[in-house]
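One structure below.
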Amino acid sequence: MLRVTTSSLCTYCQRVRLLSAPSASAFTVASPNKRLENQLTVDSLYQLSVDIRKVRKFKGWVLSESSAYVSETVDLLRDMGADATVITRILETHPEAVLCLPEDVAAQRDLWVSVCPNRRELMSIIEKFPASFFTVSHHNNQRANILYLQSLRLSNRIIGKLMASAPQSFSRPVELNKEVIHTLRETYLDLGGDEGNLRVWLQKLLSQNPYILLRPAEAWRDSLGFLREQGFTTEELLNLVCSLRASIAELQPEAMQQALAYLEGALTCSKDELKQIVIRSPAVLYYSLPTLVGRFQGLMDVGVSMEQVKESPNVLELTTQIVLYRIQKLASYGYDVRSGSLDVIVGTKKDFEMSYSKLQLRQQRPLFNPVAPLMSV
């Protein structure tokens with residue numbers, strides 16, 4: 001059952017939401033404990049080819065609200081360039097949009113247009129992130145955050161991505177985002193970064209993960225401070241942050257220390273080698289110690305050497321079950337990972353299937369003899 005959070009609704013929607021039951025089941029006339037559906041809303045959505053059964057199943061409370069603005073919402077979306085199919089898809093995905101006051105939605109449209117003036121691109125964003133667009137209950141905070149990020153000379157494309165993917169970062173007071181940006185700026189400069197490249201650095205972080213601004217400033221200081229003590233350069237820290245995305249602010253120095261100490265001992269590597277392992281596979285910082293121990297031991301049990309793991313440390317990003325499955329599948333074509341590189345089994349499922357297909361082709365392709373006579377046709 002899906003639950004609608006109050007943060008995704010306008011002020012009016014939040015008020016009426018508290019008065020209605022959070023159940024997503026269909027409301028019926030027969031049950032006195034259920035609120036009756038607003039037949040006008042149901043008929044209006046039905047005429048737009050919206051799947052009413054889907055709305056009833058997941059967000060049935062919307063259909064029982066006494067006030068809805070279906071035609072006004074449709075007119076606004078149509079004016080922005082949405083065709084009938086797009087409008088239907090938006091209202092099926094986010095039916096509570098019809099509960100927002102038309103003037104609030106119009107103000108939201110003007111706000112988003114200030115960041116993305118291209119109507120076609122904007123409509124594409126709204127289609128993918130309707131809940132973000134119809135988050136109209138914190139309009140003043142949204143405007144203040146937009147102006148602040150624009151004052152940093154961040155591109156509107158990055159700001160638009162943030163608004164769509166992480167609307168929470170725009171709904172909260174701008175002071176909180178300023179604190180995080182200030183922490184990132186000070187950390188970057190403390191590590192020897194150039195003030196002139198700060199904007200590019202910030203844009204890369206924000207484009208990698210829109211949720212970065214939601215992480216507490218203290219968490220950034222602790223995590224990045226620990227990694228700086230381990231000898232990572234500014235460029236290496238940037239790569240780590242981009243690879244781990246906002247997860248780096250969730251890592252505790254104590255947990256990272258345990259992971260690094262274990263890998264250093266298990267792989268019998270130097271500090272420099274350990275740093276290169278982390279750069280090649282930043283996810284090892286994220287896994288708990290029991291997870292790392294289990295995965296490393298699983299590799300040792302099937303005959304993989306420590307040197308192979310050091311050369312392909314991202315094998316530790318795979319569960320033991322996945323590793324065993326891929327090893328057995330490759331073995332069916334005569335490939336023994338114990339005598340070769342582990343690179344063939346790492347990566348996503350798609351990466352492995354491509355490697356496996358190439359191995360199949362090599363096994364099936366007949367050898368070409370350049371001195372053999374050509375067969376006549």
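Put in order of Cβ neighbour count within 10 Å, fewest first, the listed residues W220, W61 become W220, W61. Between helix 320-331 and the chain, what is the angle of the helix's C-alpha long axis to the longest principal axis, kept within 0 to 90° and rounded to the nearest 10? For 320-331 against the chain, the angle is about 60 degrees. From helices alone, the chain scores -17500 deg cm²/dmol at 222 nm; the rule is -39500 (n - 2.57) for each run of n ≥ 4 DSSP H residues, then divide by the residue total. Within a Cβ distance under 15 Å of V200, other residues only, what is the Lys/Arg minus Asp/Glu net charge? So the environment of V200 carries a net charge of +2.
The Y333 and Q208 beta-carbon pair, evaluated with R₀ = 41 Å, returns a calculated FRET efficiency of approximately 0.65. Projecting label points 7 angstrom from Cα along Cα→Cβ for Q39 and D79 puts them 3.1 nm apart.
Calculated FRET efficiency, K54 to R228, Cβ-Cβ distance, R0 = 45 Å: about 0.35 to the nearest 0.05. For every other residue with a beta carbon closer than 13 angstrom to the beta carbon of V180, add +1 if it is Lys or Arg and -1 if Asp or Glu, then tell me the sum. Neighbourhood net charge equals +1.
Of K178/K271; K59/K128; K275/K358; K329/K350; K59/K349, which ones are farther than 25 Å apart at the Cα? From the list (K178/K271; K59/K128; K275/K358; K329/K350; K59/K349), the Cα-Cα distance tops 25 Å for K178/K271; K275/K358; K59/K349. In plain terms, the chain from I279 to R185 could stretch by 31.6 nm, reckoned as 0.36 nm per residue minus the Cα-Cα distance. Centre-to-centre separation between the Cα atoms of region 178-257 and those of region 289-367: 32 Å.
Inter-label distance, D301 to L361: 3.6 nm, where each label sits 7 Å from its Cα along the C-beta direction. Round to the nearest 10 and give me the degree value, 0 to 90, for the angle of helix 217-229's Cα axis relative to the longest principal axis of the chain. Between helix and principal axis, roughly 10 degrees. Summing Lys and Arg as +1 and Asp and Glu as -1 over all other residues whose Cβ lies under 11 Å from the Cβ of D190 gives a net charge of +2.
Sites listed here are trypsin sites (Lys or Arg not before Pro) in region 99-164 whose DSSP assignment is loop and whose Cβ has at most 14 other Cβ atoms within 10 Å: R153.
With each label modelled as a point 7 angstrom along the Cα→C-beta vector, the N118-Q258 pair spans 4.8 nm.
Largest mean-square fluctuation among S67, S305, S132, in a Gaussian network model of the chain whose springs join Cα atoms under 10 Å apart, belongs to S305.
Bear in mind these aren't lab numbers, they're just calculated from the coordinates by the rules spelled out. Treat the numbers as computed from the prediction; the structure is a model and nothing was measured. Please note: Cβ atoms are built from the backbone with ideal geometry, for glycine as well, and neighbour counts cover all protein chains shown.
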